[in-house]
Amino acid sequence: MDEDDIFGAAAVLIAQHGEKAAAVAADNFVQLQKANDTDGMAIWTAIMLAIRELMKIETSSGGLDK
């Protein structure tokens, strides 16, 4: 996945789950960790970081659509 895909996935998770988006991403990471899927874990780590960045932007600007 490229950076646009990562941020796109993060934005979808935020739209679907709001404040719980990071927890949903973490749950996906844990499932992949249990399956020993290091590639999947790397992707979900990147998505979690993107969620954190987007949520920080949303919080500081008052919303993503403003």
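The values are calculated or read from the model by the stated rules, or taken from the named source; none is laboratory data. Keep in mind the model is a prediction, meaning the values are calculated, not measured. Here Cβ is always computed from backbone atoms with ideal geometry, including for glycine, and neighbour counts include all displayed protein chains.
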Original post:
Quick one: is Phe7 touching a Ser or Thr at 6+ places or on another chain (Cβ under 9 Å), modelled with pLDDT of 95 or more and of a type outside the set (Val, Ile, Thr)?
Top reply: no
Original post:
Of the residues that sit in region 29-66 and are over 18 Å from Asp4 (Cβ atoms) and of a type in the set (Lys, Arg), which one is modelled with the lowest pLDDT?
Top reply: Lys66
Subject >> Filter result for Met1 (under 15 Å from the mean Cα position of the chain (by Cα), assigned to a loop (DSSP other than H, G, I, E, B) and either at pLDDT below 95 or among the hydrophobic types (A, V, I, L, M, F, W, C) (or both)) >> reply: yes
**OP:** Residues being closer than 12 Å to Ile47 by Cβ and without any contact (Cβ under 8 Å) to a residue 12 or more places away in the chain: count how many of those fall in region 4-16.
**Re:** 3
Original post:
Taking only pairs six or more apart or across chains, which ones have beta-carbon atoms under 6 Å, a first residue in region 18-34 that is over 26 Å from Ile57 (Cα atoms), and a second residue that is at pLDDT 95 or above and assigned to a helix (DSSP H, G or I)?
Top reply: Leu32/Gly40; Leu32/Met41; Gln33/Met41
